[in-house]
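One structure is given below, encoded as structure tokens.
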Amino acid sequence: MTDSTPPLGLLLDVDGPIASPVTRSIAIPSIAADLAALANLGVPIAFNTGRSDAFLREQVVPPLLTAGLDAGVRVWGICEKGAVWMRITAAGAQEVTVDEELRMPAAFGRDVERIVHDDFADLVFYDDTKRAMVSVEQRTEIENDDFLAGQPALNRAIAQAMSDQGLGYEWGEKRVPDADGRVDYRIDPTIISTDIESNRVGKDLGASLMLAFLADEGVPLPRAWRTMGDSRTDYAMADWLHENGHEVVHVDVRPADGVPATPYPVRQHPTLIHDEAGARYLSRWVEIARGATDDDADLV
């Protein structure tokens, strides 16, 4: 490890660019090897994800440890979109911190669990590893098209439960205030799940936490940042970094949703998506961290 300014800092969504959305695991061996190499080269890394800390402990941390992390690496798991976080070291995942102000009400979680059990058990499972959010996820044995076809009815049932409990929420363009006119929560569908969360969480919160962690440890800020994700909400990482004066490039590994106009560069592989694209960019970033002079603008 070195105390010099890191050439890069990484903020990485997990589902899509790191973990296969099909297997829900790191399916490409080079991904873990390159992540470990980057961390060992002094690159600060945060897995900035909606996933739980348990998911990272089970699916992400073991391959990193097998690949070999040096003492002193700067790696964090920022989970549940900034509501939960932990340090990841050569000894594995460390103590978990939960922002108690960002927890969903426990009674609402029980309601969603009942909805899944009674009406949608063939479509999704209730993620009981979440500490702050409430999440339901596509069952792995069904096709994604079947999940997406059934997801709207699931989301309507969730929205009704929020109204029944008097919780103000937003869902896309829809805003339903509570009795005091507050809208404190959000229904956030993804291609394999639906998350219900405080509307204060998000990938921008994760980005701000990462910089706070580095500042707390007196770590020099990287010269440039790379953010990577598979949905439009992942752009919030790069938005926050750019708005706060940092050089950033965002990689979209699923640009089929449409690439918005941004004041910073956005890149996508011409033929690969999801973790196949993520693996190619990670390999290139290892080369940059080792001193390559050209960037990843024309990666093929």
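The values are calculated or read from the model by the stated rules, or taken from the named source; none is laboratory data. On a predicted model such as this, the values are computed, not experimentally measured, just so you know. Here the Cβ positions follow ideal geometry from the backbone for every residue, glycine too, while neighbour counts run over all protein chains shown.
Things worth noting here:
- For the condition touching a residue at least 24 places away in the same chain (Cβ under 8 Å), surrounded by fewer than 21 Cβ atoms within 10 Å (Cβ to Cβ) and not in a helix (DSSP H, G or I), Ala297 qualifies.
- Lone unmet requirement of (1) surrounded by fewer than 20 Cβ atoms within 10 Å (Cβ to Cβ); (2) out of contact with any Gly (no Cβ under 9 Å at 6 or more places or on another chain); (3) not aliphatic (A, V, I, L, M) for Gly77: (1)
- Unique residue being of a type in the set (Gly, Ala, Ser), touching a residue at least 24 places away in the same chain (Cβ under 8 Å) and not assigned by TED's automatic domain parsing to the domain that holds Arg51 when the list is Ala107, Ala121, Ala179, Ala149: Ala107
- Among the residues of this structure, Ala236 counts as one that is within 29 Å of Ala106 (Cβ to Cβ), among the hydrophobic types (A, V, I, L, M, F, W, C) and in contact with a Leu (Cβ under 9 Å, 6 or more places away or on another chain).
- Leading residue by the ranking (surrounded by the most Cβ atoms within 10 Å (Cβ to Cβ)) among those in segment 237-269 that are charged (D, E, K, R) and part of a helix (DSSP H, G or I): Asp239
- Residue satisfying all of: in segment 174-197; loosely packed, with under 14 Cβ neighbours inside 10 Å and basic (Lys, Arg); farthest from Gln151 (Cα to Cα) among these: Arg182
- Taking the conditions (1) of a type in the set (D, E, K, R); (2) touching an Asp or Glu at 6+ places or on another chain (Cβ under 6 Å); (3) at pLDDT 95 or above in turn, Arg232 satisfies each one other than (3).
- A residue that is in the same structural domain as Ser25 (by TED's automatic domain parsing), in a helix (DSSP H, G or I), of a type in the set (Ser, Thr, Tyr) and at pLDDT 95 or above cannot be found anywhere in segment 71-94.
- For Val219, the stated conditions hold: it is surrounded by 14 or more Cβ atoms within 10 Å (Cβ to Cβ), assigned to a loop (DSSP other than H, G, I, E, B) and not acidic (Asp, Glu).
- For the condition crowded, with 19+ Cβ neighbours inside 10 Å, assigned to a strand (DSSP E or B) and modelled with pLDDT of 95 or more, Leu10 qualifies.
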